[in-house]
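Data block below; observations after.
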Amino acid sequence: MKRNIGNMVVLGGGISGYGSAVLARKLGMDVFLSDAGHIADRFKKVLDEWQVPYEEGGHTMERILSADEVVKSPGIPDTAPVVQALRAKGIPVISEIEFAGRHKGKAKTICITGSNGKTTTTSLVYKIMCDAGLRTALGGNIGESFAYSTATGEWDWHVLEISSFQLDGMFDFRADVAVLTNITPDHLDRYDHCFQNYVDSKMRIIRNQRAGDFFVFSADDKTVWAEVSKLDAPKMRMLPFAAHDGIASSDGDAWLAPDGIITATVGGRTVEIDTARMQIKGLHNAYNAMAAALATLAAGIEPQRIADSIYSFSPVEHRLEPAGEIDGVLYINDSKATNVDSVWYALESMVRPVVWIAGGTDKGNDYEPLKKFARGKVHTLVCMGLDNEKLMREFDGVVPRIVSTSSLDEAMRTARAAARKGDVVLLSPACASFDLFKNYEDRGRKFKEWVAQSKNETIK
């Protein structure tokens with residue numbers, strides 16, 4: 001529902017913030033952007049081009065509290081004083097997703113969320129849609145700002161990766177196709193350390209869906225299945241996917257056979273995918289392929305086009321991304337694995353002996369689910385962080401050798417010395433990156449740079 005907003009304030013000058021400010025300017029609103037930190041030069045340039053007034057390094061509360069509505073960056077918690085002040089005054093605070101959704105016109109949306117797999121699934125859906133020749137924008141938590149794309153282009157579809165933080169500020173927005181990959185504990189510090197609060201946030205992906213819309217979800221995920229079971233006569237068309245449990249839906253479904261063949265069906269149209277022909281390996285990527293196949297079948301893409309696009313899809317950066325081989329040892333960058341569940345899928349997919357690099361800012365992790373794979377596949381655990389005590393304690397007696405390091409260079413040298421020909425050095429941290437790095441991308445890039453430099457030195 002469109003609203004008459006004369007005075008819009010945008011909090012945060014990152015990708016969602018600058019895009020929202022541009023869209024507001026295009027719509028003729030009086031817009032002001034405020035960031036308590038530093039705004040990147042590339043975003044300042046765009047704001048200047050669109051003549052958007054902004055401030056950085058602090059908030060001018062008088063101006064902010066005069067807003068009719070505020071678009072908040074997902075990185076700003078509801079506990080921030082500026083947000084608390086807005087709520088106390090009754091000023092609506094929304095997400096970029098909510099704002100851009102009001103003005104996307106005839107474009108439709110495929111919206112993907114989940115604790116794990118959402119980036120790969122989103123990227124895969126985007127590739128399928130583009131390969132099919134549709135005008136498709138990639139946005140949300142990856143790609144370009146949803147709001148900026150809405151302001152500057154005409155699209156058939158928006159493929160959006162949506163985090164729980166973005167969902168929290170979504171009220172009237174409706175996804176034409178909603179995808180929920182799974183729900184496992186993550187970001188609980190933002191949800192009063194209550195898992196159900198986080199679950200409720202993820203389930204907002206189906207908020208406002210109606211007859212004719214589609215909900216793609218994992219039937220193997222016990223938390224998701226429990227939430228789906230609570231739905232009272234849902235209007236949208238249900239599209240479950242599974243590898244472990246038998247499922248059936250009159251609207252369509254996808255399943256993974258023991259021989260590795262995925263069969264996905266929607267509305268009588270079926271695509272079969274041989275996982276052996278996929279470039280992305282492992283059970284987690286079979287789940288991602290099932291979700292993407294169902295979502296794009298729901299969007300009307302031809303089955304053969306879906307299969308061809310999935311077969312040609314390459315790994316996403318920082319998610320089980322091959323970084324190179326040195327002296328017969330393969331180095332894999334899985335820096336995006338910032339929680340235990342992501343690492344479970346990474347270790348599950350390993351077929352070589354593993355030197356595992358893990359650690360960082362622990363988020364209250366329960367490492368128990370990893371111990372079976374660690375015991376059977378990992379011969380050396382390299383802990384990389386400023387505080388490695390918990391990680392070392394948890395895997396003592398599980399992994400034969402554990403080494404504590406406090407920098408990337410020390411961790412990489414230790415891993416290289418421990419690795420034997422035919423091994424894998426796997427960076428799959430299970431933790432946030434903020435103790436030693438700017439973010440998981442920075443951690444992954446530095447890992448790849450170290451591998452590339454060491455490879456060149458070996459050649460010389």
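The values are calculated or read from the model by the stated rules, or taken from the named source; none is laboratory data. If you're wondering where the values come from, they're calculated on a predicted model, not measured in any experiment. Every residue, glycine among them, receives a Cβ derived from its backbone with ideal geometry; neighbour counts consider all protein chains shown. Quick note on the areas: whole protein, heavy atoms, side chains included, nothing else; ligands and nucleic acids left out. Shrake-Rupley method; radii C 1.70, N 1.55, O 1.52, S 1.80 Å.
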Response to the item:
residue 99 meets each of (1) touching a Ser or Thr at 6+ places or on another chain (Cβ under 7 Å); (2) modelled with pLDDT under 95 with one exception, condition (2)
Practice prompt. Scan region 154-180 residue by residue and report those that are under 24 Å from residue 14 (Cβ atoms) and in contact with a Phe, Trp or Tyr (Cβ under 7 Å, 6 or more places away or on another chain).
Written response: 158, 159, 160, 164
Response to the item:
Going through region 224-239 in order, the residues found to be open to solvent by less than 40 Å² (accessible area, probe 1.4 Å) and touching a residue at least 40 places away in the same chain (Cβ under 8 Å) are 224, 227, 236, 239
Fill in: Unmet requirement for residue 335, which otherwise passes all of (1) modelled with pLDDT of 85 or more; (2) in a loop (DSSP other than H, G, I, E, B); (3) more than 18 Å from residue 452 (Cα to Cα)
(3)
Item to complete: Output the number of residues of region 301-315 satisfying the condition of being open to solvent by 20 Å² or more (accessible area, probe 1.4 Å), in a loop (DSSP other than H, G, I, E, B) and closer than 16 Å to residue 122 by Cα.
Response: 3
Practice prompt. Would you check if residue 69 is under 19 Å from the mean Cα position of the chain (by Cα) and modelled with pLDDT of 95 or more?
Written response: no
Practice prompt. Run down 298, 323, 286 and say which single residue is closer than 27 Å to residue 430 by Cα, open to solvent by 10 Å² or more (accessible area, probe 1.4 Å) and in contact with a strand residue (DSSP E or B) (Cβ under 7 Å, 6 or more places away or on another chain).
Written response: 323
Worksheet, complete the sentence: residue 219 fails exactly one of (1) in contact with a His (Cβ under 9 Å, 6 or more places away or on another chain); (2) under 24 Å from residue 430 (Cα atoms); (3) of a type outside the set (Val, Ile, Thr), namely (2)
Item to complete: Might you let me know whether region 437-456 holds any residue that is within 18 Å of the chain's Cα centre (by Cα) and not in a helix (DSSP H, G or I)?
Response: yes
Discussion item. Being closer than 19 Å to residue 350 by Cα, hydrophobic (A, V, I, L, M, F, W, C) and touching a residue at least 60 places away in the same chain (Cβ under 8 Å) is true for just one of 310, 326. Which residue is that?
Written reply: 326
Worksheet entry | Cross-chain or 6+ apart pairs with Cβ under 6 Å, region 145-156 first and within 10 Å of residue 107 (Cβ to Cβ), then outside any helix (DSSP H, G or I) and open to solvent by 20 Å² or more (accessible area, probe 1.4 Å) | 150/103; 150/104; 155/135; 156/134; 156/135
Practice prompt. Look through region 138-155, keep the residues that are in contact with an Asp or Glu (Cβ under 6 Å, 6 or more places away or on another chain) and surrounded by fewer than 23 Cβ atoms within 10 Å (Cβ to Cβ), and return whichever of them is farthest from residue 113 (Cα to Cα).
Written response: 142
Discussion item. Among the residues of region 156-210, what is the count of those that are under 20 Å from residue 222 (Cβ atoms) and open to solvent by less than 40 Å² (accessible area, probe 1.4 Å)?
Written reply: 17
Worksheet item: How many residues does region 359-390 hold that are open to solvent by less than 10 Å² (accessible area, probe 1.4 Å) and assigned to a helix (DSSP H, G or I)?
Response: 2
Practice prompt. Please specify each residue of region 393-402 satisfying the condition of being touching a Leu at 6+ places or on another chain (Cβ under 8 Å) and open to solvent by 30 Å² or more (accessible area, probe 1.4 Å).
Written response: 401, 402
Discussion item. Whether any residue in region 107-114 is in contact with a strand residue (DSSP E or B) (Cβ under 9 Å, 6 or more places away or on another chain), farther than 30 Å from residue 32 by Cβ, assigned to a loop (DSSP other than H, G, I, E, B) and open to solvent by less than 20 Å² (accessible area, probe 1.4 Å) is what I want to check.
Written reply: yes
Worksheet item: Can you tell me how many residues in region 78-100 are open to solvent by less than 40 Å² (accessible area, probe 1.4 Å), touching a residue at least 24 places away in the same chain (Cβ under 8 Å) and either within 30 Å of residue 193 (Cβ to Cβ) or among the β-branched types (Val, Ile, Thr) (or both)?
Response: 11
Worksheet entry | Unique residue being closer than 13 Å to residue 428 by Cα, modelled with pLDDT of 95 or more and open to solvent by less than 40 Å² (accessible area, probe 1.4 Å) when the list is 340, 355 | 355
Item to complete: Scan region 413-423 and give yes if some residue there is among the polar types (S, T, N, Q), outside any helix (DSSP H, G or I), surrounded by 16 or more Cβ atoms within 10 Å (Cβ to Cβ) and over 25 Å from the mean Cα position of the chain (by Cα), otherwise no.
Response: no
